[in-house]
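*Asks:* I'd like to ask you about the structure that follows.
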Amino acid sequence: MTKIPTESKSYWTDYIDRKESPVYQQAVKDEETEIVIIGAGIVGVLSAYELAKRGRKVILLEADRILYGTTGHTTAKISAQHGLFYDELIKKHGEETARLYYQANMDGVNYLKNIVHTEDIACDFSEQTAYTYATTDEYADKIKAEFKAYEKLGIDGAFHTELPLPFPIKSAVSMNGQAQFHPLKLLSNLFVSFEQMGGIIYERSPVKDIKEDDSGHHAVLENGHQISGKAIIIATHYPFYDMKGLYFSRLHPLRSYIIAAATEENIPDGMYISADKPTRSLRYTDYNGQKLLLIGGESHKTGQSEDEQAYFTALQDFTDNYYTVKEYPYRWSAQDLVTLDKIPYIGAYSDSKNHLYVATGFAKWGMSNGAAAALILSDLITGKENPYADLFSPSRSETNLASVSTFIKENSNVAKELIKGKINPNEVDLDELKPEEGGHVKFKGKKAGAYRDKDGNLCILDTTCTHLGCEVRWNSGERSWDCPCHGSRFDTNGEVIEGPAVSPLKKLNE
């Protein structure tokens, strides 16, 4: 049987590894501009591009290497169909809110389509129909309700009882006019356009703090220098700067998994996602002149799994059950953030921080929501009215019963994980750690985390998350230390992989 890789690597980022990507300079001096954008993913790059098009001076900052963040670990579906969503949205928030959400996301879809065509970017772009399908009677009823929601909202779609998939379905709902692409091919081209319009890009330039005074707003870099502007956009996936925004209590992080399969079977057009649980997402991409099937799913809260490898195995079992697989060339995972009401936070950071902007909480649908965010933020910053600003406002009221219930549930979970980590670290004997294994250990009489590399070298870390003090847990599937409270992730040397943490774990054996 063909096996999946033991190391995680995204199909998208592998393209960046193989091509001669430009290396951008670090920010090594104080600078002033009009707009500072922190984070060079889909939101940051599209916002930088759009604001530069509107004549604004923009500096784009990235903490790590350009193109290696969340956008490079997506399924890269450009779609306003977000699974079973619109029926629930109507029930909780009404038809007008649901209609605005759909229109905002379709604006994002069409914005990306327009960029691809006007900039003539080769990024494996193709228009596709998106499908949400059910394989059980329970979810077939929900599909019917979702299609009725489509009819109420005037969504261009259809109801189906058959699909070109290798397994039977009960029903499905489709949305026309969606698309798929290679996200990093698009962004790498937009960097060129952005620089041609006078934009400045700095990579390996992590921001540690935001400061404000009479002279403006300042992004304070790790090296002590400041990039100052009239407005700052925080597009770092998880907002690292909280202040009074209280984002940490209003977002919960989820991890999901993707494998890529080269199959004997011909892969049909279309982008598919199951309504049933566990979720199964299917789409193809081009691979050496053939179609490569991308299979995603298996969501769970970050840092709250006993065996991350099992999720990759479950996806492989599903794929092997329905396809004849020649090769599994890639596997990877993604991290997503979900808001209390499942509508992203896009806009001014808070009522008192109206020159500081944020976009977060895309709940796995970052391509359409991210493009919509770039348009909304660009309008807010340039003083143009935007019809979706109130819907996505981070300061909106979330006092409906469902949102309040989610708030209580998620923050109770954080409190439980905080206590659990302090009293039950599941320690192993340090001498028992084999090469490329990690776990909680006792070191000099105190709790610690240890990883033994392939050469036998040990790295021992303080497992207290540098964000808010929860105990990080060992992720055996991807060899990382993951925080079960707010989703920060650290590599085997303690360096930050995912925020909101901005500081590394402390090394104990240097």
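The values are calculated or read from the model by the stated rules, or taken from the named source; none is laboratory data. What you see is a predicted model, and the numbers here were worked out from it, not measured in a lab. Here the Cβ positions follow ideal geometry from the backbone for every residue, glycine too, while neighbour counts run over all protein chains shown.
*Asks:* When the residues of the range 482-495 are narrowed to those that are touching a residue at least 40 places away in the same chain (Cβ under 8 Å) and not in a loop (DSSP other than H, G, I, E, B), which ends up farthest from the chain's Cα centre (by Cα)?
*Replies:* Among those that are touching a residue at least 40 places away in the same chain (Cβ under 8 Å) and not in a loop (DSSP other than H, G, I, E, B), it is D482.
*Asks:* Return the total of residues in the range 460-510 being within 21 Å of G69 (Cα to Cα) and of a type in the set (D, E).
*Replies:* Qualifying residue count for the region: 5.
*Asks:* Sticking with this structure for a sec: Please verify whether the range 185-208 includes one or more residues that are more than 25 Å from the chain's Cα centre (by Cα) and of a type in the set (A, V, I, L, M).
*Replies:* Looking through the range 185-208, at least one residue is more than 25 Å from the chain's Cα centre (by Cα) and of a type in the set (A, V, I, L, M).
Matching residues to (1) among the small types (G, A, S); (2) buried (at least 16 other Cβ atoms within 10 Å of the Cβ); (3) touching a His at 6+ places or on another chain (Cβ under 6 Å):
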site	(1), (2), (3)
K434	no, no, no
G439	yes, yes, no
K447	no, yes, no
Y451	no, yes, no
G456	yes, no, no
L461	no, yes, no
V472	no, yes, no
I497	no, yes, no
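*Asks:* When you scan the range 1-24, how many residues do you find that are surrounded by fewer than 12 Cβ atoms within 10 Å (Cβ to Cβ) and not in a loop (DSSP other than H, G, I, E, B)?
*Replies:* So the answer is 2.
*Asks:* Answer yes if at least one residue in the range 225-232 is closer than 27 Å to L340 by Cα, over 19 Å from the mean Cα position of the chain (by Cα), part of a strand (DSSP E or B) and touching a residue at least 40 places away in the same chain (Cβ under 8 Å), and no otherwise.
*Replies:* Taking every residue of the range 225-232 in turn, at least one turns out to be closer than 27 Å to L340 by Cα, over 19 Å from the mean Cα position of the chain (by Cα), part of a strand (DSSP E or B) and touching a residue at least 40 places away in the same chain (Cβ under 8 Å).
*Asks:* Of the residues in the range 246-261, how many are at pLDDT 95 or above and surrounded by fewer than 19 Cβ atoms within 10 Å (Cβ to Cβ)?
*Replies:* Residues that pass the stated criteria total 0.
*Asks:* Taking the condition of a type in the set (S, T, Y), farther than 29 Å from Y322 by Cα, in contact with a helix residue (DSSP H, G or I) (Cβ under 7 Å, 6 or more places away or on another chain) and in a loop (DSSP other than H, G, I, E, B), does Y68 pass?
*Replies:* Yes; evaluated as a whole, the condition is true for this residue.
*Asks:* What do you reckon, is I210 surrounded by 21 or more Cβ atoms within 10 Å (Cβ to Cβ), part of a strand (DSSP E or B) and either β-branched (V, I, T) or in contact (Cβ under 8 Å) with a residue 24 or more places away in the chain (or both)?
*Replies:* Here the answer is no, as I210 does not meet what is asked.
*Asks:* Quick one: is A231 in contact with a His (Cβ under 9 Å, 6 or more places away or on another chain), at pLDDT 95 or above and closer than 28 Å to T97 by Cβ?
*Replies:* So A231 fits the description; yes.
*Asks:* Ok, one more. Restricting to the range 82-98, count the residues that are surrounded by 18 or more Cβ atoms within 10 Å (Cβ to Cβ), under 20 Å from L375 (Cα atoms) and not small (G, A, S).
*Replies:* Selection size over the range 82-98: 1.
*Asks:* Given the range 74-190, what strands (runs of 3 or more DSSP E) lie entirely inside it while holding 3 or more residues that are touching a residue at least 24 places away in the same chain (Cβ under 8 Å)?
*Replies:* Hits in the range 74-190: 126-134, 171-180.
*Asks:* In addition: For S188, state whether it is closer than 26 Å to M106 by Cα and of a type in the set (S, T, N, Q).
*Replies:* yes
*Asks:* Got a sec? Which of S299, S215 is among the polar types (S, T, N, Q), touching a Lys or Arg at 6+ places or on another chain (Cβ under 8 Å) and modelled with pLDDT under 95?
*Replies:* From the options S299, S215, the qualifying one is S299.
*Asks:* From the list I169, I201, I227, I258, exactly one residue is over 30 Å from V325 (Cβ atoms), aliphatic (A, V, I, L, M) and touching a Phe, Trp or Tyr at 6+ places or on another chain (Cβ under 6 Å). Which is it?
*Replies:* Among I169, I201, I227, I258, only I201 is over 30 Å from V325 (Cβ atoms), aliphatic (A, V, I, L, M) and touching a Phe, Trp or Tyr at 6+ places or on another chain (Cβ under 6 Å).
*Asks:* Let me ask something else. Test each condition in (1) within 18 Å of the chain's Cα centre (by Cα); (2) part of a helix (DSSP H, G or I) for K342 and report the one that comes out false.
*Replies:* (2)
*Asks:* Just give me the residues in the range 141-190 being crowded, with 19+ Cβ neighbours inside 10 Å and of a type in the set (F, W, Y), in sequence order.
*Replies:* Result: F147, Y150, F181.
*Asks:* Which residues, taken from the range 266-314, are under 23 Å from T129 (Cα atoms) and basic (K, R)?
*Replies:* Listed by number, the residues that qualify are K277, R280, R283, K291.
*Asks:* Is there a residue in the range 278-288 that is at positive phi, surrounded by fewer than 19 Cβ atoms within 10 Å (Cβ to Cβ) and among the polar types (S, T, N, Q)?
*Replies:* Yes - at least one qualifying residue is present in the range 278-288.
*Asks:* Can you name the residue in the range 25-79 that is at pLDDT 95 or above and among the acidic types (D, E) and, of all such residues, is surrounded by the most Cβ atoms within 10 Å (Cβ to Cβ)?
*Replies:* Restricting to residues being at pLDDT 95 or above and among the acidic types (D, E), the top hit is E62.
*Asks:* Take the range 239-277 and flag every residue that is on the phi > 0 side of the Ramachandran plot and either touching a helix residue (DSSP H, G or I) at 6+ places or on another chain (Cβ under 6 Å) or not aliphatic (A, V, I, L, M) (or both).
*Replies:* G270
Rundown of residues vs (1) within 21 Å of E96 (Cα to Cα); (2) among the β-branched types (V, I, T); (3) touching a helix residue (DSSP H, G or I) at 6+ places or on another chain (Cβ under 9 Å), yes/no style:
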{"position": "E146", "(1), (2), (3)": "yes, no, yes"}
{"position": "Y150", "(1), (2), (3)": "yes, no, yes"}
{"position": "G154", "(1), (2), (3)": "yes, no, yes"}
{"position": "F159", "(1), (2), (3)": "no, no, yes"}
{"position": "L163", "(1), (2), (3)": "no, no, no"}
{"position": "P166", "(1), (2), (3)": "no, no, yes"}
{"position": "I169", "(1), (2), (3)": "no, yes, yes"}
{"position": "A179", "(1), (2), (3)": "no, no, yes"}
{"position": "P183", "(1), (2), (3)": "no, no, yes"}
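*Asks:* If you don't mind, there's one more thing I want to ask. Tell me which residues, restricted to the range 175-218, are among the aromatic types (F, W, Y), farther than 30 Å from Y133 by Cβ and touching an Asp or Glu at 6+ places or on another chain (Cβ under 8 Å).
*Replies:* Residue satisfying the conditions is Y202 alone.
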